[in-house]
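*Asks:* Supplied in structure tokens, the structure appears directly below.
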């Protein structure tokens with residue numbers, strides 16, 4: 001039986017109807033991405049982690065969002081071009097959505113409700129944002145670009161990781177491996 005998260009209507013970056021249910025039975029890492037962020041180089045690590053585990057039933061899913069510092073201003077076509085040209089992104093990408101605020105996409109409403117707290121490497125990233133005068137909002141809200149949600153094979157949210165934890169950090173890869181082993 002599909003979970004509520006798996007039934008939320010989505011659009012791929014090329015405009016096709018989709019849901020997370022299309023990836024049922026896989027471990028997923030859903031990430032809100034942006035092309036003009038200091039964390040944008042994480043695209044390379046996301047692609048590497050996707051390739052490392054995809055044959056074992058894993059996929060990275062990219063969700064472009066322009067919620068933070070207007071760091072994803074492009075159209076879906078421009079985002080696709082950027083990701084392909086600069087990072088060779090081959091993992092599934094979805095149409096740009098809002099991950100925070102009054103227009104928050106239903107997928108992110110469900111992800112944040114199911115896993116309201118996130119794992120931090122330390123408090124340096126939040127302090128860095130605060131140093132720029134950026135209010136990171138409530139703990140249950142998405143903090144910034146490149147926040148990661150680990151979704152188990154059954155569609156439940158198994159983990160949530162702060163933006164400054166790189167996708168290939170052992171904190172995340174060990175969580176992916178634990179979910180793949182289930």
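*Asks:* Considering only residues that are over 11 Å from the mean Cα position of the chain (by Cα) and outside any loop (DSSP other than H, G, I, E, B), look in the range 17-30 and name the one that is farthest from residue 61 (Cα to Cα).
*Replies:* 17
*Asks:* Look through 109, 71 and report the one residue that is part of a helix (DSSP H, G or I) and either free of Cβ contacts under 8 Å to residues at least 24 places away in the same chain or over 22 Å from residue 28 (Cα atoms) (or both).
*Replies:* Only one candidate passes the filter, namely 109.
*Asks:* Return the total of residues in the range 99-117 being touching a helix residue (DSSP H, G or I) at 6+ places or on another chain (Cβ under 9 Å), surrounded by fewer than 20 Cβ atoms within 10 Å (Cβ to Cβ) and within 11 Å of residue 160 (Cβ to Cβ).
*Replies:* Summing the residues that are touching a helix residue (DSSP H, G or I) at 6+ places or on another chain (Cβ under 9 Å), surrounded by fewer than 20 Cβ atoms within 10 Å (Cβ to Cβ) and within 11 Å of residue 160 (Cβ to Cβ) in the range 99-117 gives 1.
*Asks:* Given (1) surrounded by 14 or more Cβ atoms within 10 Å (Cβ to Cβ); (2) in contact with a helix residue (DSSP H, G or I) (Cβ under 9 Å, 6 or more places away or on another chain); (3) under 24 Å from residue 51 (Cβ atoms), identify the lone condition not met by residue 79.
*Replies:* (2)
*Asks:* Here's a follow-up. Identify the residue in the range 1-36 that is without any contact (Cβ under 8 Å) to a residue 24 or more places away in the chain and in contact with a helix residue (DSSP H, G or I) (Cβ under 7 Å, 6 or more places away or on another chain) and, among all such residues, is nearest to residue 74 (Cα to Cα).
*Replies:* 19
Residue by residue, here is whether (1) assigned to a helix (DSSP H, G or I); (2) under 27 Å from residue 156 (Cα atoms) holds:
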| site | (1), (2) |
| --- | --- |
| 32 | no, yes |
| 35 | no, no |
| 39 | no, yes |
| 43 | yes, yes |
| 54 | yes, yes |
| 77 | yes, no |
| 82 | yes, no |
| 89 | no, yes |
| 113 | yes, yes |
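*Asks:* Can you work out which of the residues in the range 118-150 that are touching a helix residue (DSSP H, G or I) at 6+ places or on another chain (Cβ under 7 Å) and outside any loop (DSSP other than H, G, I, E, B) is surrounded by the most Cβ atoms within 10 Å (Cβ to Cβ)?
*Replies:* Here the answer is 149.
*Asks:* Follow-up question, since we're still on this one. Which pairs have Cβ atoms under 7 Å, sit 6 or more apart or on different chains, and link a residue in the range 118-129 that is under 15 Å from residue 146 (Cβ atoms) to one that is surrounded by fewer than 13 Cβ atoms within 10 Å (Cβ to Cβ) and modelled with pLDDT under 85?
*Replies:* Final answer for the pair search is none.
*Asks:* Moving on to the next point. Is it the case that the range 153-170 has a residue that's in a helix (DSSP H, G or I) and either exposed (fewer than 14 other Cβ atoms within 10 Å of the Cβ) or under 13 Å from the mean Cα position of the chain (by Cα) (or both)?
*Replies:* Yes - at least one qualifying residue is present in the range 153-170.
*Asks:* Then there's this: Anything in the range 56-68 that is assigned to a helix (DSSP H, G or I) and surrounded by 19 or more Cβ atoms within 10 Å (Cβ to Cβ)? List them, or say none.
*Replies:* Scanning the range 56-68 gives no hits.
The values are calculated or read from the model by the stated rules, or taken from the named source; none is laboratory data. Bear in mind the structure is a predicted one, so any value in this text is a computation, not a measurement. Cβ: placed from backbone, ideal geometry, glycine included. Neighbour counts: every protein chain shown.
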